[in-house]
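So the structure is just underneath, and the comments pick up after that.
The values are calculated or read from the model by the stated rules, or taken from the named source; none is laboratory data. Everything quoted here is computed from the prediction, not taken from an experiment. When we count neighbours, we look across all protein chains shown, and the Cβ atoms used for this are built from the backbone with ideal geometry, even at glycine. Just so you know, the surface numbers come from the protein's heavy atoms only, side chains and all, with ligands and any DNA or RNA stripped out. Shrake-Rupley method; radii C 1.70, N 1.55, O 1.52, S 1.80 Å.
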Amino acid sequence: MPDDTQDVISGGHLVAKALKAEGVDRIYTPCGGHIIDIYDGCVDEGIEVVDVRHEQVAAHAADGYARITGRPGCAVVTAGPGTTDAVTGVANAFRAESPMLLIGGQGALTQHKMGSLQDLPHVDMMTPITKFAATVPDTARAADMVSMAFRECYHGAPGPSFLEIPRDVLDAKVPVGKARVPKPGAYRASTRSAGDPEAIEKLADLLVHAEKPAILLGSQVWTTRGTEAAIDLVRTLNIPAYMNGAGRGTLPPGDAHHFQLSRRYAFSHADVIVIVGTPFDFRMGYGKRLSPTRPSCRSTSTTAPSARTATSTSASSATRDSSSSRSRRPPRDVSTAVRPGARSGSTSCGPSNRPRSRSGCRV
């Protein structure tokens, strides 16, 4: 028989090429029959196959990898109980806004609804806890669908995606010329969108003229790697900073701008509160706790819209930035100097010449 391996490519190898194009350097997986061709492709593309004990480990490892590295994590699991075992890991990534892709096996399309091995409605189960969930319908679309799933992982607030790939789709081979393989770096937005300049200037004006400002740095400060910009902001404008979620650690303990135990008091007495990269969820009292004793307090949120929760708050909002860049550097006049007549040397709890209590609040 003539050797035509140079002219055709399998679905598993197309998946691996798409993973390589995304910068994925390893997958977490327990071996499964439905997904075996992906392993062959990963070996050919130089992607490490990390063998784990079970699917729970695979999903949590992909989530953890994404959080630590800032690059997308990927777990590959077999059909049926292999996919259902990964549900908690995916749900955790969804709540944590962690960009990861779970690839699940599935019975052959030719055996759909015929009782094939481990056949379950994976997409229906994953839809509520992912930003994108779909079935790869054709071998030629395998790489295209993987790229689409990663694109959705990073659209707005990050989060997980899910793809199921039927066994016959994954194992089949198609002519290379018919396979849709997106060009690396060309299937997502090439630049970060910017916030409304007028809204940014309005926020800048509020901050530099505030007497008792406070800022909360949330998880999106970390997921967008905006730590340095956040540090520049709070130190330049001398603003007390509180942190939650993955935003913890933006400022080290002992830093003059790191506050922790006085947040409720500060938010009750501040005249400007900036919420960066965290939703008004239960941790924030759904927005109802912000300066209840100061009706004139202005609150603003620069937080990417999340698929997992809507924003609910009774506080007045100066600006809401829905771009993917959460903690950009402030406008030039803010990052370089405090404007004449603006607040100087104060904190959310009072002037800086007051002693600081053990709780971190000036008394």
Review point. To the nearest Å, what is the center-to-center distance of the range 137-194 and the range 210-257, using C-alpha atoms only?
Key: 35
Exercise for review: Using only the Cα atoms of the range 77-167, build the gyration tensor, take square roots of its eigenvalues as a ≥ b ≥ c, and label the shape rounded, prolate or oblate: rounded if a/c is under 1.5, else prolate if a/b is larger than b/c, else oblate.
Suggested key: oblate
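Please arrange Glu97, Glu45 by accessible surface area, largest first, computed with a 1.4 Å probe and ligands excluded. Could you put the intermediate results ahead of the total?
Values: Glu97 10, Glu45 45 Å².
From most exposed to least exposed: Glu45, Glu97.
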Practice item. Mind grabbing the accessible area of Tyr187 for me, 1.4 Å probe, Å², rounded to tens? Key: 30
Revision key, fill the gap. As straight-line cross-link partners of Lys202, the qualifying lysines (C-alpha separation under 29 Å, not fewer than 8 residues apart within one chain) are Lys212, Lys288
Study note, to complete from the structure: Within the under-10-Å Cβ sphere about Val136, not counting Val136, Lys/Arg +1 and Asp/Glu -1 give a net charge of -2
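What Kirkwood hydrodynamic radius do you get for the range 1-121 when you take the inverse of the mean 1/r over all pairs of distinct Cα atoms, in Å? Don't skip to the end; give the middle numbers.
On the way: mean 1/r = 0.0671 Å⁻¹.
For the range 1-121, the Kirkwood estimate is 14.9 Å.
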Point to revise | Gyration tensor verdict on the range 122-281 (Cα atoms; rounded if a/c is under 1.5, prolate if a/b is larger than b/c, oblate otherwise) | key: prolate
Practice item. With unit charges on the beta carbon (Lys/Arg positive, Asp/Glu negative), name the residue among Leu203, Ser161, Ile231 whose Cα is farthest towards the positive pole of the charge dipole of the range 146-241. Key: Ser161
**Study point:** Cross-link reach list, lysines versus Lys17, counting only Cα pairs under 21 Å and skipping chain neighbours closer than eight places
**Key:** Lys173, Lys178, Lys183
